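Peer 1: This is the structure I have questions about; it appears just below.
The values are calculated or read from the model by the stated rules, or taken from the named source; none is laboratory data. Remember, predicted model here, so these are calculated numbers, not experimental data. For neighbour counting, all protein chains shown are included, and Cβ atoms are generated from backbone atoms with ideal geometry for every residue, glycine included. For accessibility, only protein heavy atoms count, side chains too; no ligands or nucleic acids. Shrake-Rupley method; radii C 1.70, N 1.55, O 1.52, S 1.80 Å.
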2 protein chains.
Amino acid sequence: MARAAGVSRSTVSRVINEEPYVSAKARDAVHQAILDLGYSPNQAARTLAGNRANAIALVVSEQGSRVLSDPFFAGVLRGVHAELSGRRVQLVLMMTQQDDEQDIVGYLAGGHVDGVLMVSLHGQDPLPLKLADAGVPIVVGGRPLVGDGIQYVDSDNFNGALEAARYLVATGRRRIATIAGPKDMAVGMDRLNGWRRGMAEAGQPSDLVAHSTVFTPDGGAAAMEDLLSREPELDAVFVAADIMAMGALRVLHAQNRRIPRDVAVVGFDDLMIASTALPPLTTVRQDVEQLGRTMTWCLLGQLDGEEGLPPSLLLPTSLVIRASA
Amino acid sequence: MARAAGVSRSTVSRVINEEPYVSAKARDAVHQAILDLGYSPNQAARTLAGNRANAIALVVSEQGSRVLSDPFFAGVLRGVHAELSGRRVQLVLMMTQQDDEQDIVGYLAGGHVDGVLMVSLHGQDPLPLKLADAGVPIVVGGRPLVGDGIQYVDSDNFNGALEAARYLVATGRRRIATIAGPKDMAVGMDRLNGWRRGMAEAGQPSDLVAHSTVFTPDGGAAAMEDLLSREPELDAVFVAADIMAMGALRVLHAQNRRIPRDVAVVGFDDLMIASTALPPLTTVRQDVEQLGRTMTWCLLGQLDGEEGLPPSLLLPTSLVIRASA
DNA sequence: TCGGCACCTGGGAGCGCTCCCAGACTCGCT
DNA sequence: AGCGAGTCTGGGAGCGCTCCCAGGTGCCGA
């Protein structure tokens with residue numbers, strides 16, 4: 001390669017790394033040689049010689065099975081990739097199981113990657129903290145429940161839920177329930193607290209809460225049945241995830257409640273299924289792709305040693321009004 | 001590391017690579033030192049010295065955006081990861097755009113990864129062929145329309161569709177339509193041809209075909225409307241994807257057709273939405289996770305130089321009978 | 001004229017492994 | 001005793017880069 005361009009290895013290296021102090025002639029010669037030879041620098045050698053891996057890991061905690069099918073994860077992945085494209089940084093995908101956690105920490109702290117993005121659905125996961133302690137740059141998607149110093153990016157679940165609650169109040173609903181997510185997930189609690197605030201603002205009771213332990217249609221259905229048995233007169237329900245709202249809609253249909261006339265339904269996430277539901281679901285939109293982009297942007301900033309990065313970020317949500325409320 | 005174990009670098013290397021000709025004493029000493037030091041071998045150095053990258057790429061062609069949200073992709077990813085776990089092989093995720101194809105070929109052929117798994121939704125993609133020509137081991141998920149020598153793994157779309165057609169015939173349907181996928185995707189054509197065979201077997205006409213150019217609910221809805229206008233008397237429809245079946249169901253409901261009494265509906269894929277649809281959808285199940293596992297298994301086999309690998313594989317499908325047919 | 005500086009270039013060292021060769025030691029056989 | 005085959009070990013070379021130092025050149029101001 002160096003021979004083909006008629007320069008030294010050093011000069012080739014300088015051109016590739018866009019360093020200063022290279023003459024235009026040398027630069028052109030190298031570029032031409034790159035094209036002629038279809039040359040692509042050996043990443044392993046670069047990693048070994050420099051001490052930078054030119055790669056970041058996207059770590060998915062919990063059994064990958066559940067997480068991967070989640071549209072949330074897909075969106076994040078899309079955003080991460082979009083932000084990475086153009087930079088010479090590879091994305092390595094890793095999934096953790098319970099038992100190999102120590103291996104994972106060893107691997108990630110061992111210089112194989114420059115930094116870690118982590119999507120941690122249940123907030124108690126100790127991995128982010130361990131990695132941060134080991135000095136690995138890390139950004140978490142979704143607010144972790146433990147670990148203070150860790151940089152995270154999340155959607156503004158609290159205000160999204162608050163906005164949904166206000167909307168239901170503003171449209172005249174008098175008996176508003178909520179189907180909340182699991183108590184050990186920040187996303188579940190934040191949305192519940194937003195709804196509570198909305199109820200409090202309006203002077204309405206916030207007793208009609210049903211928790212589902214999982215974000216699934218069946219979980220939503222069970223919670224909806226519970227709510228209806230406790231309060232047959234309820235006229236609105238804020239469901240903390242579209243996927244649970246599907247189950248809630250099924251139960252409401254089965255009990256012949258008209259939507260939105262008898263019961264208004266608001267979801268959260270704005271998945272594709274929200275717009276194809278019957279009736280199309282009014283929901284709080286979160287931009288998960290932007291979440292992925294922002295996480296990546298934060299991590300790359302850390303790696304570049306940028307100062308004054310915000311410790312954490314919340315991304316705005318917006319209410320999408322369709323037919324169900 | 002070698003010093004800590006009291007042996008030479010060579011011996012450490014032999015232990016790590018599980019080579020023969022190491023005494024039990026030396027092996028134990030090395031293992032102990034690994035634990036004590038939390039040692040994790042430097043991948044870059046291994047890659048550089050051996051000439052094996054210890055990584056495979058999962059390449060997603062087309063704009064990643066569409067593909068990533070696809071449950072198909074998520075399932076494959078899950079399977080790939082499951083099959084990889086335990087082996088010391090990293091998974092690198094890449095997405096291609098139109099313009100950087102040459103870069104991608106250069107990168108993938110440049111020894112940065114040992115092999116390539118590719119999920120190519122539209123079958124005309126030239127990338128698999130180029131990579132195969134460049135001598136890169138490659139396995140494609142989903143039958144490619146071009147490129148003969150390329151190893152692929154796919155669900156048995158033809159027989160799945162055939163089984164669906166036979167089932168509709170066997171349950172007494174007399175006027176059976178189909179909503180087919182795009183003509184430039186193997187998955188679309190294979191399912192259509194399976195349905196055709198089923199019609200031919202039963203001596204029924206196979207004229208009621210509507211193509212959708214995209215696998216979306218709206219595409220399915222438009223096709224359903226087309227079919228109903230051409231043949232108001234139709235009493236069954238085989239929809240080549242659950243996601244399109246959602247749209248078809250919407251149209252049928254809107255026209256007050258009872259399902260399954262007036263019109264039987266059979267989908268394909270068995271996504272989660274199939275079981276939560278109204279009514280729950282009878283559909284042809286394909287095991288996409290198994291698809292991912294099998295792809296990986298084939299690629300690793302190629303890399304290990306195993307002989308007699310089948311050129312390609314079809315995975316069985318099965319009819320899941322629910323309420324819609 | 002001479003130093004000083006900014007610009008540009010080449011070559012040595014070394015990143016942490018794997019591969020390969022040379023050798024040591026132990027058998028069991030002739 | 002002698003020999004070869006099988007078992008085990010260490011060290012040299014080298015993978016393809018980056019980093020750093022030692023120069024070279026040209027131009028400016030003193």
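Peer 1: Checking A:SER61 against (1) away from DNA strand C (no atom under 11 Å from the Cβ); (2) away from chain B (no Cβ under 11 Å); (3) open to solvent by 10 Å² or more (accessible area, probe 1.4 Å), only one condition comes out false. Which one?
Peer 2: Unmet for A:SER61, out of (1) away from DNA strand C (no atom under 11 Å from the Cβ); (2) away from chain B (no Cβ under 11 Å); (3) open to solvent by 10 Å² or more (accessible area, probe 1.4 Å): (3).
Peer 1: Out of the residues in segment B:1-30 meeting the condition of being near DNA strand D (Cβ under 9 Å from one of its atoms) and within 23 Å of B:LEU300 (Cα to Cα), tell me which one is surrounded by the fewest Cβ atoms within 10 Å (Cβ to Cβ).
Peer 2: By that ranking, first place goes to B:PRO20.
Peer 1: Might you let me know whether segment B:175-186 holds any residue that is touching a Lys or Arg at 6+ places or on another chain (Cβ under 8 Å) and open to solvent by 10 Å² or more (accessible area, probe 1.4 Å)?
Peer 2: Checked segment B:175-186: no residue is touching a Lys or Arg at 6+ places or on another chain (Cβ under 8 Å) and open to solvent by 10 Å² or more (accessible area, probe 1.4 Å).
Peer 1: Only residues that are among the polar types (S, T, N, Q) and more than 8 Å from DNA strand C (Cβ to nearest atom): list them for segment A:11-26, please.
Peer 2: A:ASN17 - this is the single residue of segment A:11-26 that is among the polar types (S, T, N, Q) and more than 8 Å from DNA strand C (Cβ to nearest atom).
Peer 1: Residues A:ALA277, A:ALA254: which one is within 25 Å of B:LEU252 (Cα to Cα), of a type in the set (A, V, I, L, M), at pLDDT below 95 and surrounded by fewer than 19 Cβ atoms within 10 Å (Cβ to Cβ)?
Peer 2: A:ALA254
Peer 1: Next up: List the pairs whose first member sits in segment B:159-183 and is among the aliphatic types (A, V, I, L, M), whose second member is assigned to a helix (DSSP H, G or I) and open to solvent by 70 Å² or more (accessible area, probe 1.4 Å), and whose Cβ atoms are under 6 Å apart, counting only residues at least 6 apart or on separate chains?
Peer 2: Note: pairs meeting the criteria are B:LEU162/B:ARG197.
Peer 1: I'd like to check which strands (runs of 3 or more DSSP E) are fully inside segment B:105-187 and have at least 3 residues that are at pLDDT 95 or above, over 15 Å from the mean Cα position of the chain (by Cα) and within 14 Å of chain A (Cβ to nearest Cβ).
Peer 2: Here the list is empty.
Peer 1: Tally up the residues in segment A:274-300 that are hydrophobic (A, V, I, L, M, F, W, C) and in contact with a Pro (Cβ under 9 Å, 6 or more places away or on another chain), please.
Peer 2: Residues of segment A:274-300 hydrophobic (A, V, I, L, M, F, W, C): A:274, A:277-278, A:281, A:284, A:288, A:291, A:295, A:297-300.
Next, from what is left, pick out any that are in contact with a Pro (Cβ under 9 Å, 6 or more places away or on another chain): A:274, A:288, A:298-299.
Matching residues across segment A:274-300 total 4.
Peer 1: Additional query: Only one of (1) within 14 Å of chain B (Cβ to nearest Cβ); (2) at positive phi is not met by A:VAL214, so which one is it?
Peer 2: (2)
Peer 1: Please note which helices (runs of 4 or more DSSP H) are completely contained in segment B:235-325 and include at least 3 residues that are among the β-branched types (Val, Ile, Thr).
Peer 2: Output list reads B:288-303.
Here is a yes/no grid of residues against (1) closer than 17 Å to B:ASP269 by Cα; (2) touching a residue at least 24 places away in the same chain (Cβ under 8 Å); (3) open to solvent by less than 10 Å² (accessible area, probe 1.4 Å):
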residue: B:ALA109; (1), (2), (3): no, yes, no
residue: B:GLY115; (1), (2), (3): no, yes, yes
residue: B:ALA134; (1), (2), (3): no, yes, no
residue: B:ASP190; (1), (2), (3): yes, yes, no
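Peer 1: Pairs, please: C-beta under 9 Å, at least 6 apart or cross-chain, first residue in contact (Cβ under 8 Å) with a residue 40 or more places away in the chain and open to solvent by 80 Å² or more (accessible area, probe 1.4 Å) and in segment B:31-52, second part of a helix (DSSP H, G or I) and away from DNA strand D (no atom under 13 Å from the Cβ)?
Peer 2: Note: pairs meeting the criteria are B:ARG52/B:LEU303.
Peer 1: Consider segment B:300-325. How many of its residues are out of contact with any Phe, Trp or Tyr (no Cβ under 9 Å at 6 or more places or on another chain) and open to solvent by less than 50 Å² (accessible area, probe 1.4 Å)?
Peer 2: Total meeting the criteria: 9.
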